[in-house]
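Data first, discussion second: the structure below is written as structure tokens.
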Amino acid sequence: MLSVNVGPFALSSSVLLLLAAGLVAAGVGHLVGRRHKAGIVNTLSDMLLAGVLVARLSFVALWFDTYRSAPWSMLDIRDGGFMVWPGVATALLVAVWRGWRQPALRKPLVVGLAAGALVWGALFGALRMTELPVLPTLSLTTLAGDPIKLAALADGKPMVVNLWASWCPPCRREMPVLAAAQQRETGVNFVFVNQGEDGATAQRYLSAGRLGLANVLLDPGAALGREAGSGALPTTLFYDASGQLVDTHLGELSAASLASKLSPLRASAGASVQD
């Protein structure tokens, strides 16, 4: 499962996991520290803020050349551009520093963080079991009305499958980035699967935008989104050369976030050729 619908909003499972782990950590830390009135909520908040900031700055530094042409896009964290491990390390350093400065926080902080980590690990493992590990076998339709399966378009190459709709603003904003990548990345197949619209609607949007996309397919019943476990648009699925799902992205892709996802796909293509 990649996202969960909450009313009109779709929240990514990774955000929900972090929220659940944080709530458990705060609750357990409160119970352990209430005797000494040592709450850890403020520390957890500082850990989160510091971790997110460093994770974003690390990602921007790594892909700075990609951001250079549009500097303001560095501030748009909706592209999901974060480096996890620098962020985690920073958050833990904040916890160590707070524990060193305030001895009463040490036990509730350690126990709370351990409880949160256990909950996160259990939920992450459960969600991984529900993910679709390989290319779906369902039949889609070309703009010409012919049935086709995704595997027929793979051709032994890595594949990027973008789920989109013409009414979706972030889909429209990211489409030029994906269109440019399709022209540039000849070693990766890009497939654009329209969700819930008819061929005339999809073709009208593509013609108006002069995008020149190849491999545009129709999924009028949005079956691929359900099979992938995502009710959010846009959703992008990344498959390696063997057809295994190796990454996903919910929401708008920037040039930098797309480049970070494509890098391991190129590696899988090279490994496949050597084999």
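Annotations for the structure displayed:
- Against the main long axis of the alpha-carbon atoms of the chain, helix 41-62 sits at an angle near 40°.
- Cross-link reach is defined here as a Cα-Cα straight distance under 19 Å, omitting same-chain residues fewer than 8 places apart; for residue 261 the aspartates and glutamates meeting it are 65, 76, 79, 131, 174, 185, 240, 247, 252.
- Counting only alpha carbon atoms, the long axis of helix 199-209 and the longest principal axis of the chain meet at about 80°.
- By the equivalent-ellipsoid construction on the alpha carbon gyration tensor, the stretch 204-265 comes out with semi-axes of 21, 17, 12 Å, ordered largest to smallest.
- Residue among 103, 169, 234 with the largest mean-square fluctuation in a Gaussian network model of the chain, springs linking Cα atoms under 10 Å: 103
- Mean separation of Cα contacts under 8 Å (6+ apart) over length of the stretch 132-244, as relative contact order %: 40
- Here the stretch 1-63 is treated as an ellipsoid with the same Cα gyration tensor; its semi-axes, largest first and in whole Å, are 27, 20, 8.
- With viscosity 1.306 mPa s and temperature 10 °C, the Kirkwood radius over alpha carbon pairs of the stretch 139-274 converts through Stokes-Einstein to a diffusion coefficient of 107 µm²/s.
- P(r) of the chain over all Cα-Cα pairs, binned every 10 Å from zero, in whole percent: 6, 25, 30, 21, 11, 5, 1, 0
- Leading residue at positive end of dipole, the chain (Cβ point charges), from 235, 60, 176: 60
- As a length-normalised measure over Cα pairs under 8 Å and 6 or more apart, the relative contact order of the stretch 7-91 settles at 31 percent.
- Most mobile listed residue (253, 93, 237) in the chain, GNM with C-alpha springs under 10 Å: 93
- For the stretch 216-241 and the stretch 180-199, distance of Cα centres in Å: 12
- 0 to 90° range, to nearest 10: angle between helix 13-33 axis and the chain longest Cα axis: 10
- Estimated [θ] at 222 nm from DSSP helical runs (n ≥ 4, -39500 (n - 2.57)) normalised by residues in the chain, nearest 500: -17500 deg cm²/dmol
- The chain: relative contact order as a whole-number percent, Cα under 8 Å and 6+ apart: 22
- At q = 0.12, 0.21, 0.22, 0.23 Å⁻¹, base-10 log of I(q)/I(0) for the stretch 125-181 (Debye sum, equal scatterers on each alpha carbon): -0.43, -1.09, -1.12, -1.13
- Note on the chain: dipole from Cβ charges, positive end direction compared against 167, 200, 147; the farthest Cα belongs to 167.
- Cα gyration tensor shape for the stretch 1-128, rounded if a/c is under 1.5, else prolate or oblate: oblate
- Charged-residue dipole, Cβ positions (Lys, Arg, Asp, Glu), the chain about Cα centre, Debye nearest 20: 1300
- Gained length - residue 134 relative to residue 88, 0.36 nm times residue gap less alpha-carbon distance: 13.6 nm
None of the figures in this text is laboratory data; all of them are computed from the coordinates on show. Everything quoted here is computed from the prediction, not taken from an experiment. Note that each Cβ is placed from the backbone with ideal geometry, even for glycine, and that neighbours are counted across all protein chains shown.
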